[in-house]
Amino acid sequence: MSERTERITSEIRGIADADAEERQRTGRPSAPVGSSGNPSTRILTLANVITFCRLGLTIAFLVLFSTGQHRRAALVCYVVAAVTDFLDGQIARRTQTVSWLGKIMDPIMDRVLLFTGVIGLLIVGELPVWVPAFVIGRDAYLGCGGLVLQRYRRRPVDVIYVGKTATALLMFGFCDLLLGWPAVSGLSLVGASWLPGLNAQASAMGIYFVYAGVICSTIAAVDYTRKGVAIVRAGCPKQGRTHDE
């Protein structure tokens, strides 16, 4: 059982940071314990506490926002949670308390926050259903693709700038839509009812950031797919055996 647990732990760490996991497994870490290149096994760190607080704030936002009676309080929860997304990483790196738990949980909490924002806006009818479907579907697609690529290469595909830009645009757009200000008139470019802001329907300006985020997300997904296909093709001659870079 211990060997199985150790193997599962190693696989999870490999998904989070295969390079750091390989250095620790072979006993040749090249950075101080607690740094990004050599995470610690600590659980109770300030950065991890902030990460879990973000989860609590996210749940509180969804509950408050879905009732429709505490919108301001819900918005405060969401904004504070979004700010902590930047804060916990900075604290972990500056205090040299980067941990495996933080590396694994931080990106999960990021997606939970993003998904909760779109679901909350969908519940109150302020976001067309195709946006949440796209955001959640894209991440599910990339997540499944990443698991498939683990058969061919332990190190995940490197995050690209347009992907980071997409997340920032979507997060800002959702925050503005939650705030509902400033409201702008529709551009009347299309007649489709599912494109608020581009049709004649007035909307908060954040909808345009959401559209920009969707475009960047699509570009990033295409690029990740292209790189993933190249990795699979390079690994096929070895009949699926893994090869580290």
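The values are calculated or read from the model by the stated rules, or taken from the named source; none is laboratory data. Quick caveat, the model's predicted, so the values are computed rather than measured. Virtual Cβ from ideal backbone geometry, glycine too; neighbours counted across all protein chains shown. Note: areas computed on protein heavy atoms with side chains; ligands, DNA, RNA excluded. Shrake-Rupley method; radii C 1.70, N 1.55, O 1.52, S 1.80 Å.
Values computed for the structure shown
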item	result
Enumeration of residues in region 156-203 that are outside any loop (DSSP other than H, G, I, E, B) and over 25 Å from the mean Cα position of the chain (by Cα)	A183, V184, S203
Every residue from region 13-49 that is among the hydrophobic types (A, V, I, L, M, F, W, C), outside any loop (DSSP other than H, G, I, E, B) and open to solvent by less than 50 Å² (accessible area, probe 1.4 Å)	A16, A18, A20, A47
Some residue of region 69-86 being farther than 24 Å from L177 by Cα and modelled with pLDDT of 85 or more	no
Checking L64 against (1) open to solvent by less than 50 Å² (accessible area, probe 1.4 Å); (2) over 29 Å from L122 (Cα atoms); (3) not in a loop (DSSP other than H, G, I, E, B), the condition it does not meet	(2)
Tally of residues being at pLDDT 85 or above and open to solvent by 50 Å² or more (accessible area, probe 1.4 Å) across region 160-185	6
Residues located in region 73-114, provided they are among the β-branched types (V, I, T), more than 21 Å from T167 (Cα to Cα) and free of Cβ contacts under 8 Å to residues at least 12 places away in the same chain	none
Given (1) part of a helix (DSSP H, G or I); (2) modelled with pLDDT under 90, number of the condition G213 does not satisfy	(2)
Residue in region 135-144 that is open to solvent by 50 Å² or more (accessible area, probe 1.4 Å) and under 15 Å from F174 (Cα atoms) present	yes
Among the residues listed as T116, T95, the single one being hydroxyl-bearing (S, T, Y), more than 15 Å from the chain's Cα centre (by Cα) and over 27 Å from R226 (Cα atoms)	T95
Residue within region 149-159 that is farther than 22 Å from T58 by Cα, open to solvent by less than 80 Å² (accessible area, probe 1.4 Å) and among the hydroxyl-bearing types (S, T, Y) present	yes
S217 vs. criteria on the phi > 0 side of the Ramachandran plot and either among the hydroxyl-bearing types (S, T, Y) or touching a residue at least 40 places away in the same chain (Cβ under 8 Å) (or both)	no
Residue among N38, N48 that is out of contact with any strand residue (DSSP E or B) (no Cβ under 9 Å at 6 or more places or on another chain), under 13 Å from A92 (Cβ atoms) and not aromatic (F, W, Y)	N38
The listed residue being open to solvent by 50 Å² or more (accessible area, probe 1.4 Å), within 20 Å of the chain's Cα centre (by Cα), closer than 30 Å to N199 by Cβ and not acidic (D, E), out of V129, V124, V80	V129
Complete set of residues in region 83-100 that are closer than 15 Å to L114 by Cα and either surrounded by 15 or more Cβ atoms within 10 Å (Cβ to Cβ) or aliphatic (A, V, I, L, M) (or both)	V83, T84, D85
